[in-house]
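Peer 1: There's a structure below that I have some questions on.
What follows is calculated from the coordinates using simple rules that are stated; it is not laboratory data. The model shown is predicted, which means the values in this text are computed figures rather than measured ones. Quick reminder, even Gly has a Cβ in these numbers, built from the backbone with ideal geometry, and neighbours come from all protein chains shown.
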Amino acid sequence: MSEDYKVYMCTICGLIYDEEQGLPEDNIPAGTRWEDVPEDWHCPKCDVDKSQFELMQPL
Ligand SMILES: [Zn+2]
């Protein structure tokens, strides 16, 4: 059974948030689900909040 990790993209700067990878350099461990990323987290590149990210549909 697949873990079915999702990938989100910042619509402002294009930064990718991959649940499988997390953002270890930003204190988000690998495997962290998007809904478990803190609400006050901001894009490390352009500083917008989570609402500016959108789910990327699997190909
Ligand atoms: Zn961004």
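Peer 1: Do any residues in region 10-30 that are in contact (Cβ under 8 Å) with a residue 40 or more places away in the chain have Cβ atoms under 6 Å from those of residues that are of a type in the set (Phe, Trp, Tyr), where the two are at least six apart or on different chains, and which pairs are they?
Peer 2: 10/53
Peer 1: Kindly provide the set of residues from region 39-59 that are more than 14 Å from the ligand (Cβ to nearest atom) and among the polar types (S, T, N, Q), ordered by number.
Peer 2: 57
Peer 1: Something else now. Only one residue in 25, 3, 35 is surrounded by fewer than 15 Cβ atoms within 10 Å (Cβ to Cβ), of a type outside the set (Val, Ile, Thr) and in a loop (DSSP other than H, G, I, E, B), so which one is that?
Peer 2: Exactly one residue qualifies, and that residue is 3.
Peer 1: Same structure again: Hey, could you check region 18-38 for residues that are of a type in the set (D, E, K, R) and within 16 Å of the ligand (Cβ to nearest atom) and say which is nearest to the chain's Cα centre (by Cα)?
Peer 2: Here is the first cut: in region 18-38, the ones of a type in the set (D, E, K, R) are 18-20, 25-26, 33, 35-36.
Next, only the ones that are within 16 Å of the ligand (Cβ to nearest atom) stay: 18, 25-26.
Values: 18: 5, 25: 13, 26: 11 Å.
If we take residues in region 18-38 being of a type in the set (D, E, K, R) and within 16 Å of the ligand (Cβ to nearest atom), then 18 is nearest to the chain's Cα centre (by Cα).
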